[in-house]
Amino acid sequence: KGRQAFVKFECYSCHQIIGENFPAPGGEAVGPELRQMGPMHPPEYFVESIMNPSAVIGEDRYRGADGRSKMPSFNDIMTVEELIDLATFLKSLGGAHIPSPGGQEH
């Protein structure tokens, strides 16, 4: 269901997922590649990033002229179920755990 939400909201128009067969992103509003994001963040991170894209902006290239995220808000059109499904899909990406600097997996 999360993959369906990714397609429904055309997340692929700004985000690439290496190894997936989605249309290529384009334009100026290209966000980060998402393949390795799953092991790096808890599900709550994805929920917050979708609900409030300006909460955490990793690089200046993802900011608009107003300093806020270029990512649009989906709060008025995405259901809670779609949000949970999409966050679960994003969390599932990547597979392997990435060791933290202390040598512990997260």
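The values are calculated or read from the model by the stated rules, or taken from the named source; none is laboratory data. Since we're looking at a predicted model, the values are computed, not measured. Don't worry about glycine lacking a Cβ; one is built from the backbone with ideal geometry, like all the others, and counts go over all protein chains shown. The area values use the complete protein model at the heavy-atom level, side chains included, leaving out ligands, DNA and RNA. Shrake-Rupley method; radii C 1.70, N 1.55, O 1.52, S 1.80 Å.
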Tally, over region 31-41, of residues that are open to solvent by 80 Å² or more (accessible area, probe 1.4 Å) and either more than 21 Å from Leu93 (Cα to Cα) or touching a Ser or Thr at 6+ places or on another chain (Cβ under 7 Å) (or both): 0
Scan of region 42-73 for residues that are buried (at least 18 other Cβ atoms within 10 Å of the Cβ) and within 24 Å of Asn21 (Cβ to Cβ), ordered by number: Phe46, Ser49, Ile50, Met71
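Filter region 1-12 down to the residues that are open to solvent by less than 50 Å² (accessible area, probe 1.4 Å) and closer than 21 Å to Arg68 by Cβ and list them by number. Lay out the reasoning, then the answer.
Looking only at region 1-12, we keep the residues that are open to solvent by less than 50 Å² (accessible area, probe 1.4 Å), and these are 2, 5-6, 9, 11-12.
Those that are open to solvent by less than 50 Å² (accessible area, probe 1.4 Å) and closer than 21 Å to Arg68 by Cβ: Phe9, Cys11.
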Number of positions in region 56-76 that are under 23 Å from Lys8 (Cα atoms), free of Cβ contacts under 8 Å to residues at least 40 places away in the same chain and not acidic (Asp, Glu): 5
Count of region 13-30 residues which are more than 19 Å from Thr88 (Cβ to Cβ), open to solvent by less than 70 Å² (accessible area, probe 1.4 Å) and within 10 Å of the chain's Cα centre (by Cα): 1
